[in-house]
1. Between residue 152 and residue 124, take the C-beta separation as r, use R0 = 25 Å, and let me know the FRET efficiency to the nearest 0.05.
2. With 19 Å as the cut-off, how large is the P(r) tail for the stretch 37-96, expressed as percent of Cα-Cα pairs?
3. I'd like to compare 60-71, 167-178: which one has the highest average count of other Cβ atoms within 10 Å, and what's the full order after that?
4. Given a Förster radius of 35 Å and the C-beta distance between residue 170 and residue 65 as r, what FRET efficiency does 1/(1 + (r/R0)^6) yield to the nearest 0.05?
5. Subtracting the Cα-Cα distance from 0.36 nm times the residue separation, let me have the gained length for residue 41 to residue 178 in nm, one decimal.
6. Using Cα-Cα distances under 8 Å and only pairs 6 or more residues apart, what relative contact order does the stretch 95-177 have, in percent?
7. Which order, highest average first, do 79-92, 150-163 follow once you tally other Cβ atoms within 10 Å for each residue and take the mean per peptide?
8. Could you compute the FRET efficiency for residue 108 and residue 76, with r as their C-beta to C-beta distance and R0 at 41 Å, rounded to 0.05?
C-alpha cells in the first residue's frame, strides 16, 4: 500500500511538473519557484506536549487562472512530540500539494489566498530520547492540510510567500500505536517567476 502511494505521488508530481512546463511556454508569469523556511509546532492526536522544529525546502506555484492555482513544495520537516520525560523527534521530507484560491487579480502586488490539499511525509529519522527508533515508525504518512496566506510582489517576478498551515494526520505514524500527526506551520518563501 505504501509503495503504491509513493508511486502515485511521484507520478502526480511528474504530471504536474510536465503540465507546468508546457504551460510556461504558453503563458508567462504563471509559474514561480524558490526557497521556503519556517517553523513547525508539531504534536499528536493524544495527550502530549508539542515539539518545535524547523521546516525548509523548495516551494512552487502554478497559477491556473486569476483566482486559482496549484502549489507543490518539497520540505524537510522536523516534527514529533513529548510525553512525560520522553522526547520523540520524527523528521520527514514533506511534499504538500495544495489547490489555492487567490483573491484579487493576477499581477496585483498583494494576493491573499486560502488552500487545501494533501501532504505526504516520507520518514527520514525517528529518535526517542536521542536513541534511533526509526524501525518503530511508518516510512510514509499522509496528512490532510490547509491554510491561508498571501503573496506579496517584492520586485518584477519576485514574490514573498507567507503561509500559516495546519496538518492533520490521516494514518498512524507509528507501527504499533494509533498516534497521528497534528502540526501547525508558519513559513516564509521567496518565489521567482519563470
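1. Between residue 152 and residue 124 the formula returns 0.20.
2. Details: 771 of 1770 pairs.
That fraction is 44 percent.
3. Values: 60-71: 18.7, 167-178: 15.8.
Packing order, densest peptide first, comes out as 60-71, 167-178.
4. Details: r = 29 Å, r/R0 = 0.84.
The calculated FRET efficiency here is 0.75.
5. On the way: separation 137, 0.36 × 137 = 49.32 nm, distance 1.99 nm.
The residue 41-residue 178 span can extend by a further 47.3 nm.
6. Details: 164 pairs, mean separation 23.4, N = 83.
Normalised by residue count, the contact order of the stretch 95-177 is 28 percent.
7. Values: 79-92: 18.9, 150-163: 15.9.
Put in order of decreasing packing, that is 79-92, 150-163.
8. Details: r = 32 Å, r/R0 = 0.78.
Efficiency computed from Cβ-Cβ geometry: 0.80.
Throughout, read-outs are computed from the coordinates displayed, never taken from laboratory work. Source: prediction; values computed, not measured. All Cβ positions, glycine included, derive from the backbone under ideal geometry; neighbour counts span all protein chains shown.
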